[in-house]
Structure formats: structure tokens, C-alpha cells
Amino acid sequence: MNQILSFLSGTGSAQAIAVYRTVLRISLPLLALIIVIRSARSLLGFRREPEVWAWLRLEGDQLLPVMHWENLIGRKKTADVVLDFATVSKNHAVLSRQRDGSWTVRDIGGRGGVEVNGTPVRSGEVAYGDVLSFGGLEMTLEPVSKEEAKLQSLARTRAGKGHSPGLTLILLTLLQAMVVLSFFFCRVEPRTKILTAFGILALVEWLLFFAQKLIHRSGYEVETIAFFLMTMGLAVAGSANASNLYKQLISMGIGLAIFLTLGACLRDLETAEKLRYVAAVFGIVLLLANLVLGARINGSKNWIYIGSFSFQPSELVKVCFVLAGASTMDMIVTRKNLLLFVLYTLFIGGCLVVLNDFGTAAIFFIGFLAIALLRSSSYPSIALVFVGVGLAAVMVLTVVLAVRHFPHVGERFSGYGHIWDHMSDNKGYQQTRALICISSGGLFGLGPGQGWLRNMAGEGASDTDLVFAFVSEEWGLLLAATMIFALAALGLFVVRSARLGRSSFYTIAATASVSILLAQAILNFFGTVDFLPLTGVTFPFVSNGGSSMMCCWGLLAFLKACDTRQNASFAVRLSEKEADRT
Amino acid sequence: MRSTASRTGMALILAGLLLFGLLSFLIRYAVFSDEWISHSNRSGVASIEQVTDRSGAVLYEPHADKPYSEDALIRKATVHLLGDREGNIDPLMLKQYIPQLVGFDKINGTYGMKGGNGQVELTVSASVEAVALQALNGRKGTVGVYNYKTGEILCAVTSPTFDPYKAPTVADDADKTWEGLYLHRFFHSTYTPGSIFKLVTTAAALENIPDIQDQTFNCTGSITVNGEVIHCQSNKAHGTQTLEQALANSCNCAYAQIAQQVGAQRLSRKAAQIGITDRLFVDGYWTKAGSFDLSGADANRVAWAGIGQDIDLVNPCQYMTWMGAIANGGKAAEPWLVRRVYSGGKLRYEAKTTYTSSMITKAAAAELTDLMHNNVEEMYAPVNFSGVKVCAKSGTAEVYGKENTATFAGFIASDRYPLAFVVIIEEGGSGARTCSPVAANVLWACINVMKAES
């Protein structure tokens, strides 16, 4: 090994190294771009083929497919089962599939009412063969047979078809090898540690890949994107402070455990629903512990130290918050739990203001908006929510700005927009250095360990708040831009697959998660380049920070749970298996 | 489900915002990265090894123990271009070329650039600068000379100035000795032009009034326009004046009448066409914009404006460029200070000549040239060189609460010595008397430098 290392960075072949480096420099961002484009095409280009869970047979043998676990039945065009008859209300009823495969129907204010076998019901079970009546319009609920279910899953396009995820992962591994080579050619120490860290990363991503293959799941794009971002995160750590390499990997390990456990729980709606309450309580406990035990760093009191191990509870609360906010159709329609959730949000917001963690508060605010938007069943209530929350936000902002004994917030805000006048004070030092270093890196970067921002890691936050600039300086603006494309692809994927979601629970959770990830990227990136004030928010998967890493993997589980492409996700039970249970 | 799914808009908006932000940043990078990198302390001005004048004389070596020129006069004459050690004067000209000095380009950033050994070649001549500063003799003002065919600035001197080795303390400056000490007046000041502005009025008249050269104007020493009196210098009655005589005698009464004939609109249009109110960008220096605003002005103010008083203000560098345009038949080369920049042993920048837009028609420029040469023959003996056709106009600008500002502007109509110049001396009194000897010395120095080069 040492011989290979000394050959690769040998002094005798300086010219060869220069050539290699030039080739690596140019090909690295291009390879990264190919990886992200392949993943994005697979995530965004799939055919939207719905799953059918039951049939509704109308008079005259007309069959209507029931395509979700929760179906709004009504006259309006956005209903899941559209009954365009004058006697049917716009929002008439909700037909829901239970864990054991049975069905229930709930009257949500349909004018003509809902009847099961001639008996009017507010809410009740429906068996296959039962005659349902919506405003006098009669139909029979019929099952999907096992054969049909099997045929359906055979007929649907498998996830990743045409964009082999395995090949993409091979490319990612190649990218990681090239990153390590770049480190060697630039003679960054400690070589063994860097090689080991990237080796572990590659091993983990392949293990996870094969584990999913074993259970016949082939959608690996979401994970590939996460591992690509992690690769850049390790590249930053390797250059800034190699002792963070293993920390990041350990955090990834814990994050993966959360990811897999949460994903497995999300297969079952009932389990997931139960988990909500546990999560909500856990979130409260975390924040209270933070309030009591928190240490103040840079003006924010959002760190807890346990021995030499430190973490930010508010990061993990994000996962709890998403779980608490997700909701099934039944509850949306009946507005059950909405007040509880609003109170929960206000509690979290209050804690964050006390902790003076303005950036995280903003993230929660965006997460809340995403959830509120999805949960509100009518537009007037959306407006109401927006007004209420908007007012609250203004108040919080006023309080934060008024309370001047939070020095770092005030200073950072006052430098915003004219950073070049504050090159050497707190108001503009970070962003001006970021912009200078982004320029210095050009499109292809200066190489690992060759940048200047690495001197500003840790206290100077160049490996966290300014990580976009860090990657830009050492690996080039193209590669840094690719990180943003990757996250945007995740966002668009959630939007695209939402329509096929089995339950609104999954759609809400996935949208909220991806909104949080995107909002973090926005605040981090915009802060670095002075589009917004710096808020100290991390860039998902890239910024140095254990709690942030765990949170990101946790949020990723919700994305997997909304991926209903055929055989895509371990967090989604195969539909023929679901049919087996009935 | 479907109605819930239709409200995933938040994720869509955020993804869109993120991509939009990225796009805007990439555009900003494409436009501004030069500027960002020029703030780099690490490799900025510090990467300069040597700054030389047009003849190779060393003006500045930032890393040497004694960084500035050995000659005290040259040090004083060039400190405003090179920057001082206390940081009171920003070396805008040198900062402009930091991207080249650090080997920056937008594709590769600073990659592969081992930096250092930056060499900057200027177009100014140290010896001319010294002559100009000596000629100003401690008076506040500025002298500028440039080649109107190539754009090279040979001289850009400002006064008061100081020896960077003996920087004065200016905190207690009751008698205003150090007023505007850190200011490069040539780029960053504007002055009431006085009668040199009659060249603008004359240009407008030549272009707009076909028989202007056949007209005569009566001067009794003063004239009443719109109820208010306009005087000639010392109330001198010039009698019947042709345009040529009126310009040579700087007859305010005649020019009051000419300005009336031209009218506010055409005079304003001419000033705008010449760029009196524009800012020029000269190697890191944005010149201060002049002013010329006749909106709502009555006949009296129009007359004063045509004479060069009223609220007219001109920037010396911009006015020098206008002189170049007359000399060059309408369009002048745009002025510049830096000829070449080397770093890492490679040529990173070489100046190219660009031209201004047309300021005056070719025919009018030729007529004006003759009129201005007549001025020199009649009035300005010091610059009436034999064998070289010098054309000029002087001015004595009244400034409220101060002695008059002496102004002098013109050019040499010559292919061998295509030089345009401007001399401004604050509280200098008569432009003809105070400025023309300064101009003569500086022009001779320039001619000698150019002779030596050819």
C-alpha cells in the first residue's frame, strides 16, 4: 500500500502527476454531473403508473379504479374518484383502506349522505360486495384479485429501469476513487486516514445497495444522491480537519440506523401513526433537555455536551416534527389533531427563540408552511394559516432583532447586502472571503487541501456555513453547483410522485422533509453568497456536523416512503404482498 | 389524496428558488468574479514586484525596503497613482489588475498560478510628472496630458501632494494647506470651467449656425440679458468682434449673444454629446461626472452657461478627452494608464486603443482647430511653439468665496506629437497668465520624451 502511495505521489514523476491532476480536475465535476443527471432522470422520468387497490362497479358494469389507500370521493375534478353527478357533493366521502386490507367509508358532509347496503352511515366499515350509495348513486366495492395484483406489478415499470442504479453507483465509486487520488496528488495528509474514510463510505453504500437487492428493491437514486453529497462532505473534512472524517462516518452510521428503522416503520400506516406520538414526545424532551443543558456557542444556545461528544438536539427534532405533522386523510378532513399540531409548532418555535437559534426557527417555519398547506382541506383555511403564521413570524423576528443582547444575530444582519464595506469585521468577513475563494477556485477548483478557506474551518465555519464556497474553491464551482442540482432533483421527485402516494401521510411527510432539506440548502447557499444574511444553517449531507447528518438521513426515510414506483423502496411494501394480506 | 398531492407546491417553490438562486449566482460569478478576486489580500497588490513608467524607470517596488522612487519629486508626483503606506490613498489603478496579477481567469480561477513577480508598465512618464508638479509649484490643481491617437496618459498630476516617506499629519489643517490631499483631482474633482467652456459653445455654434463665421458681435464691455448685466473681463469693450476674435479675446458679451443664438436645447445637447455629464472609466478610476443643466433656465442663465459660468462643472480628465476629440477630427482615443501587466513571467494584459463616440463633426473640428490655433498665436505666447501647431483656450472661472480658478485646455495638432492637455490651478487667477507657462513646460517635456522614444 505504502509503495503504491509513494509511487502515486512520488517526486520523480512530477510531470505525470501534473498531467493526471489536470485530467482529474476536469473530469471530476463532469462525472459528478453525470451521476446526478442519471439519478435525476431516473427519479423524474418514470412513467406515473398508479396502483389499483380495489374497484367500484357502477350500474352498467362501469369500473372505477380505487388508486390510493385514502380516496376522496366527490364531484370535483381533483377528487380521487370523480363522480360527476348533480346529486353528489364536491367533497362527498372518504374511502380508506385499513392495515388489514379492509375498507372504511366516512361521510364528510355529502348532501345526499352515504349509505352502505341501504343503511345511512357517518363512518363505517365496507366489505367487498357491499353496495355503497353516494347521494343516491349506487356502486359495489370489489376486490383486486391476487392474479390481478401480480399482473399489475408485472405490468408496472420497475424503478430504475433504463437507468441502471448499479451503474450509477459504480460511477459514484469511481468518483470517490478520483477524489482520493486527487488528495494523493495534492499530497494532503494523513493519506491513510483519508483512504480509509472513503473506503468505508464506498463499502457502506454497496452494502446498502446489495441489502436492498436482496429484498428485490431497485430504486437507489435517493441514496445515491445522499452518498454523492456525503462524498463532498468527506472531501471537505479531509481538507479542513481530518479528525472529522470518522466523526462524520459514525454520524452517518447512526443516521443510516434511523433511516432504516424509520423506513421500515413507515411501511405500515398504523405503526407510523403510533410512532407519531412517540416522536412528538421525544421532540419535546429533546428541546427541554436543550433548554436546561444547552451550551452557548456563537450566541446560540443550541448545543449539548455529553463528555467530549456534542450534538444539536434541534436537528433531531426536525425528524420528530415531520412525523408529528404528517396526517392521514381522515384526520385532515375532520381537522383532528390540527390544533395540537399548531400548539406543538408554537412550542418548538418558542424554544428556538429562547435558544436564539434563528436559522433553525426559519427552517421549522418553512416545514410548518409545507405541512399546513398540505393539511388544510380548503383554501380559506390555507389563507388563515398563512396569516396566523405570518404574524407569528413577524413577531418572532421583531423580538429577535429587538433583543440586542444576542450579538451575533444583529451583527450578521446588519452587514447583509453591503459586505464589501465590512471585509475585516464580523459583518462581512465570512461572505467576502467566501466570494473571493469561489472566484479563486474557478470552475474546476484548486484541488483538495489547496484552498484558503480550510484555514477558516471550525471556528470560522468555512466547513459548515460556508461549505458551498469551500467545495467551490477546492473542487470548482461546477461541482458545487452539481450539489445544488442533486438536492433540487430530490424536491422535484417528491412533487412528481406525490400524486401516486398511497396515503396523504406519506405525501405530507415527504413534502415536509424535502422542504426542510431544500430550505436548509437555500439558507446555507444564499447566506454564503450574500443573497440572504448568514444564518448558520447547514448544507444537507455536506456541512460538517454529526446531528445534522443524522437528521438528513432521518428525513430521507420519508422520501423513500413516498416512492411508490414498482419495487422501488424498502420503505414501501410491495403491492402484491399487500394484496396477499387481504 | 389527489387534492392533497396538488398542494406539494412548497417543495416545488423551494426547488425552483434554489435553482433560480444558483442561476443568478452563476450569472453574478460571470460578471463580478474579477471584482471579487481583486479584493484578495493574499495575492492582490502584494503580488506586484515592480511598477515602471513608460520609459522603464522604476516607480514602485512594494516588497523593497524603500518601495518608492529614489527621486523625491517623482515620489510626490506619483503617490496618488501608487497608493501610500498608510492606506489613505487607494491604489485603484493597481487594484484594477489584480485578476491579471494573480493570473485569474473565470474558467480556472487562480489554479496553476504560482503567483508573484507581477510587473506593471504604466504610460505615464516619471520625468514629465516631475516637471508638471514642479510647474504647479505648490499651488492646488491638476495637470493632465495624453496621446489622443493611442489613449496613453503621459501625465496625471495632482496637487497638493506629499512624499510617501514623510506623510504629513492633516488632522489640524486650519489654513487648508492639505485640502483634498488624498484626492486625485484629475479623476475625482470637478471644476467650474470658465472660458474654456466657450469651446463647447463654439462647437455648437459651428455645427448649428451656418453663417456664424460671417457674423459680427458688438461688445461695449457689458450686455444686459433678461434684465441682468453680463460683463467682459474688467469691463473691457472689445468693439465689433468676429467669432475668431471673440474666442481669442474671450469676449463674454459676444458669447452671451452666441449662446442665445444656439439656444438652451442645442447647447445642452452638445454638452451631453461631448459627455460633460458622463463618467469615464480609466484603469480603475471612475471620473467624477460634471454637470450641465439648463432645464427651466432663463436667457440670462443660458448666456452664463455658454460662457462657462452658471452651474457648469467639468472633470479635468473628461475635458482633456474632449480636446483630443477636436484634435482627432471628432473621436478621441479613450485615455488609459496601464500599458502592460505581467505575472508569473507571462504577459497577462496589454492595453488596446478604443475610441470615444463622435463629439463633434469633422468640419466643425477643423474650423475649431484653426480658431484655437489663432488663440495661441494671438494670446498665449508661452505655448506658441515654433514648428508645432498648438491650439488652446484659457479660462478664468469665478468661484464663490474664492479667488478665480485658472483653467487652460488644448492640444497639439500633429501626427508626431498628438497630445491633448488640461491645466487647472485653483485660486490661480487668470488662466492665460497662470496656466499657459505650466502647459508649455509640460508639453515640452512630453515632446522630449516622445522624441527620445522614436
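Observations, loosely collected:
- In the protein assembly as shown, the DSSP beta bridges split such that about 90 percent are antiparallel, to the nearest 5.
- Ranking A:K77, A:K247, B:K198 from most to least accessible surface, computed with a 1.4 Å probe over the protein chains only, gives A:K77, A:K247, B:K198.
- Shape descriptor for chain A: Rg over Rh equals 1.02 (Cα atoms; Rh from the Kirkwood inverse mean 1/r).
- FRET efficiency for A:A127 and A:L340, using Cβ-Cβ distance with R0 set to 35 Å, rounded to 0.05: 0.60
- From its DSSP helices (H runs of at least four residues, each -39,500 (n - 2.57)), chain A gives a residue-normalised ellipticity at 222 nm of -19500 deg cm²/dmol.
- For chain B, the 222 nm mean residue ellipticity estimated from helices alone, with every DSSP H stretch of n ≥ 4 adding -39500 (n - 2.57) and the total spread over all residues, rounds to -11500 deg cm²/dmol.
- If R0 equals 35 Å, the separation of the Cβ atoms of B:N208 and B:E403 corresponds to a calculated FRET efficiency of about 0.50.
- Accessible surface, per residue, of the stretch B:295-410 when the full set of protein chains is kept, probe 1.4 Å, Å²: 39 Å²
- The Rg/Rh ratio for chain B is 1.07, where Rg is the radius of gyration of the alpha carbons and Rh is the Kirkwood radius.
- Charge context of B:N315, other residues only, Cβ under 11 angstrom, K/R +1, D/E -1: +2
- Take the Cα of B:E228, go 7 Å toward its beta carbon, and the backbone nitrogen atoms of the stretch B:268-298 under 13 Å from that spot belong to B:297-298.
- Within-13-Å neighbourhood charge of A:F493 [Cβ basis; K, R +1; D, E -1]: +3
- For A:S164, the accessible surface of its heavy atoms amounts to roughly 60 Å² (probe 1.4 Å, protein chains only, rounded to the nearest 10).
- Taken along the Cα-to-beta-carbon direction at a fixed 7 Å, the label points for B:D175 and A:K213 span 9.2 nm.
- Pair B:A57, A:R111: separation of 7 Å Cα→Cβ label points (nm): 9.8 nm
- Sorting A:E273, A:E125 by solvent-accessible area of protein heavy atoms yields A:E125, A:E273, largest first, with a 1.4 Å probe.
- Calculated FRET efficiency, A:K193 to B:K346, Cβ-Cβ distance, R0 = 45 Å: about 0.75 to the nearest 0.05.
- Solvent-accessible surface (1.4 Å probe) assigned to B:K176 amounts to roughly 110 Å².
- Judged by the ratio a/c of the largest to the smallest principal axis of the C-alpha gyration tensor, the stretch B:54-139 counts as prolate, that ratio being 1.5 or greater while a/b is larger than b/c.
- B:K95 exposes around 70 Å² of accessible area when a 1.4 Å probe is run over every protein chain in place.
- Euclidean distance between Cα centres, the stretch B:124-157 to the stretch B:368-388, Å: 20 Å
- Counting Lys and Arg as +1 and Asp and Glu as -1 over every other residue whose Cβ lies under 10 Å from the Cβ of B:D163, the net charge comes to +2.
- For the stretch B:188-238, the square roots of the Cα gyration tensor eigenvalues, ordered a ≥ b ≥ c, give a/c of at least 1.5 with a/b no greater than b/c, which places it in the oblate category.
- Radius of gyration and maximum dimension Dmax of the stretch B:295-352, Cα, Å: 19.3, 62
- Cα-based shape type of the stretch A:62-121, given that a ≥ b ≥ c are square roots of the gyration tensor eigenvalues and the cut on a/c is 1.5: oblate
- Inter-label distance for A:A289 and B:S357, nm, one decimal - labels placed 7 Å from Cα along Cα-to-Cβ: 7.0 nm
- Across q = 0.04, 0.07 Å⁻¹, the protein assembly as shown modelled as identical point scatterers on its alpha-carbon atoms has Debye log10 I(q)/I(0) values of -0.33, -0.78, in the order of the q list.
- Accessible-area ranking of B:T192, B:T8, largest first, probe 1.4 Å: B:T192, B:T8
The values are calculated or read from the model by the stated rules, or taken from the named source; none is laboratory data. Quick caveat, the model's predicted, so the values are computed rather than measured. Cβ atoms come from the backbone with ideal geometry, glycine included; neighbour counts cover every protein chain shown. Calculation scope for accessible area: heavy atoms of the full protein, side chains included, ligands and nucleic acids excluded. Shrake-Rupley method; radii C 1.70, N 1.55, O 1.52, S 1.80 Å.
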